[in-house]
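Accompanying notes for the structure given below.
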Amino acid sequence: MASGSWPQTETAASSAQTGEKIAPRLIAADHREPKLLVRSFSLTGRIIATVIICQLVLTAAVTTVAVLYARGELNRGFDATLNGWAANTLAGVRYSDTDIRDLLFDPSLIPPSSNRRRPDLFEIRRSSGELLARSGAPLSVDFKEGSTFANFDLNGVPYRAIILRQVPVLDREENVTQPERVTVIYAAALGGFHERLAALGFSVAGVSLLLLLIVSIVAAWRVRRGLEPLHELAAQADAISVFNWEFRPPAEASRVKELAPLTGAIETVLARLRESFRQQRDFTSDAAHELKTSVAIVKSTLQTLLQRPRPENEYRAGLESMLEDCGRLEDLLGRMLRLARIEQWAENGMNRKLGITEVTSTCEAAISRIHALAKARNIQIELTAPQEVHLQADPEDLEVIWVNLLENALLYSPSGSSVAIRVIRNGGATACVCVQDSGPGIPEEQLPHVFQRFYRGDPSRARSTGGFGLGLAICKAMVTAYGGQIEALNRQGQGTEMRVQLPIQPELSSI
């Protein structure tokens, strides 16, 4: 083993027997919710539909505003025209040429009707209310007080009328010092007005719909062109497989602000997948190496025993050695199975009903299980726990973590030294457990890899420590499953510290 490295080992106390106890508790039931059938949709279609709907709303709004504005303008223009026709009608009132001045009405001065099918109507009354002239039947128009215009229906035809109240006669005579006053009512049919308004509305709507069609075609073309980088990105991603890890996003996709995060995410996921596949291959290779080594030792022992007849004590010693190697092989398989089940549990989520566990008691139990190894190496284990810390966890899971960390600390601390385990409560949010050894520490370049499966600091993978390089990997998998963190830190000239942080549920923070 290289100087200063800290390989991963496991104590006999957490052997296959313990693995058989813990493994059933870590099996997560694979309850998968049935997949709902979801209809697929086209993003392009949705964008185009959204653009068209917005354009339709805009067209309707523009048409409505245009019609309302035109209606107001036409109303004002019609009223002005109606006022001019009433004034022309007033001009037809004149004085008689006799000695007795009286008012006469000259129908030749009446302006032509605005609608031939529905002639205009008028009525002129003297200041006394006496009728002077009218176009036909009496006009039944109800003018509101102070109002100059009014609408009414005559035989189902809508009319608009104007009233000029007590206006002086326009005809001037030399002997008339005080001109007579008359009241003029003039009405014209609104049919032509409504027709012009409808024609204007149809014209505006038609032009708007034509523009809408043109804009929709252009928008659809632009949307499809704009989404081409996305289709190219999808094609590149679809080509990725176990045999092809090349991902070359189109240059245009990297320039599009909306696609740049997606491109980066795909590249990140792809890098993680490649790393995961690499780790899986390394795990398979390392596991095969460990299994092959154990099987080779058993086979070598058998071959040695069969080479020649031997006394009974030699056969017994050989069988005991084989039994020890078989136990080691069984322990390796148990730990590999436990690690796989822990990772499956972490992936599927914690679905067990966990009780409240006091962390210090689990540390004491772990120290008791590792006591024999500490005594054999003449190393003192010191526990520091100023206060009780409670977690929602399985106590046996926590014991497995502490046992593995303590074993590593014992194996790489010199005889006569001490190993410290401290329990700290970080402000009620997390519980921190630190295991500190008195060894030489871990080289900085090896720190990021100590939690990898089958990793050992010694490239020759020495077996002198009796471990498999799975201890810290099991610790990390179990801590991760509980939503915590584990890290390895070098203490300046004082060895290595393994720091585990586990979350405390809010309801337990006051305990």
Thr268 passes all but one of (1) among the β-branched types (Val, Ile, Thr); (2) surrounded by 13 or more Cβ atoms within 10 Å (Cβ to Cβ); (3) in a helix (DSSP H, G or I); (4) at pLDDT 75 or above; which number fails?
(2)
Being open to solvent by 30 Å² or more (accessible area, probe 1.4 Å) and either part of a strand (DSSP E or B) or of a type in the set (Asp, Glu) (or both) is the filter here; which residues of the range 137-156 pass it?
Asp142, Glu145, Phe149, Asn151, Asp153, Leu154
Has the range 204-220 got at least one residue that is open to solvent by less than 80 Å² (accessible area, probe 1.4 Å) and outside any helix (DSSP H, G or I)?
no
Sort out which residues of the range 97-118 are modelled with pLDDT of 80 or more, open to solvent by less than 70 Å² (accessible area, probe 1.4 Å) and not charged (D, E, K, R), and write them in order of number.
Leu103, Phe105
Consider Glu320 against the criteria (1) at pLDDT 80 or above; (2) under 30 Å from Tyr455 (Cβ atoms): it satisfies all of them except one. Which criterion is unmet?
(2)
Qualifying residue in the range 467-475 (condition: open to solvent by 20 Å² or more (accessible area, probe 1.4 Å) and either farther than 23 Å from Ala431 by Cα or at pLDDT below 70 (or both))
no
Return the residues of the range 360-397 that are touching a Phe, Trp or Tyr at 6+ places or on another chain (Cβ under 9 Å) and open to solvent by less than 10 Å² (accessible area, probe 1.4 Å); say none if nothing qualifies.
Thr362, Cys363, Ala366, Ile370, Leu391, Ala393, Asp397
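To keep it simple, each residue is scored yes or no on (1) more than 20 Å from Thr50 (Cα to Cα); (2) touching a Leu at 6+ places or on another chain (Cβ under 7 Å).
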{"site": "Ser208", "(1), (2)": "no, no"}
{"site": "Ile217", "(1), (2)": "no, no"}
{"site": "Arg225", "(1), (2)": "no, no"}
{"site": "Gln236", "(1), (2)": "yes, no"}
{"site": "Phe243", "(1), (2)": "yes, no"}
{"site": "Pro250", "(1), (2)": "yes, yes"}
{"site": "Val256", "(1), (2)": "yes, no"}
{"site": "Val269", "(1), (2)": "yes, no"}
Spot the failing condition for Gly416; the list is (1) at negative phi; (2) surrounded by fewer than 18 Cβ atoms within 10 Å (Cβ to Cβ), and only one is missed.
(1)
Matching residues, the range 183-196, being surrounded by fewer than 18 Cβ atoms within 10 Å (Cβ to Cβ), in contact (Cβ under 8 Å) with a residue 40 or more places away in the chain and not in a strand (DSSP E or B):
Gly191, Gly192, Arg196
Do we have any residue at all in the range 247-263 that's in a helix (DSSP H, G or I), loosely packed, with under 13 Cβ neighbours inside 10 Å, at pLDDT 75 or above and out of contact with any Lys or Arg (no Cβ under 6 Å at 6 or more places or on another chain)?
yes
Check the range 374-389 and report whether any residue there is among the acidic types (Asp, Glu), on the phi < 0 side of the Ramachandran plot and modelled with pLDDT under 90.
yes
Cβ contacts < 8 Å: first residue touching a residue at least 24 places away in the same chain (Cβ under 8 Å), restricted to the range 199-219; second residue exposed (fewer than 15 other Cβ atoms within 10 Å of the Cβ) and of a type in the set (A, V, I, L, M, F, W, C), any location; separation 6+ or different chain. Result?
Leu212/Leu56
Of the residues in the range 76-96, how many are within 60 Å of the chain's Cα centre (by Cα) and open to solvent by less than 50 Å² (accessible area, probe 1.4 Å)?
3
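Only one of Ser241, Ser216 is at negative phi and modelled with pLDDT of 80 or more. Can you tell me which?
Residue meeting the stated conditions: Ser216.
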Cβ-Cβ distance below 7 Å, separation of 6 or more or different chains: which pairs start in the range 68-87 with a residue that is closer than 18 Å to Phe202 by Cα and end on one that is assigned to a helix (DSSP H, G or I) and among the hydrophobic types (A, V, I, L, M, F, W, C)?
Ala70/Leu197; Ala70/Leu200; Arg71/Leu197; Leu74/Phe193; Leu74/Leu197
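The values are calculated or read from the model by the stated rules, or taken from the named source; none is laboratory data. Note that this is a predicted model, so its numbers are computed, not measured. Note that we place each Cβ from the backbone using ideal geometry, even for glycine, and neighbour counts take in every protein chain shown. For the accessible areas, the whole protein counts, side chains as well, though only heavy atoms, and no ligand, DNA or RNA atoms are used. Shrake-Rupley method; radii C 1.70, N 1.55, O 1.52, S 1.80 Å.
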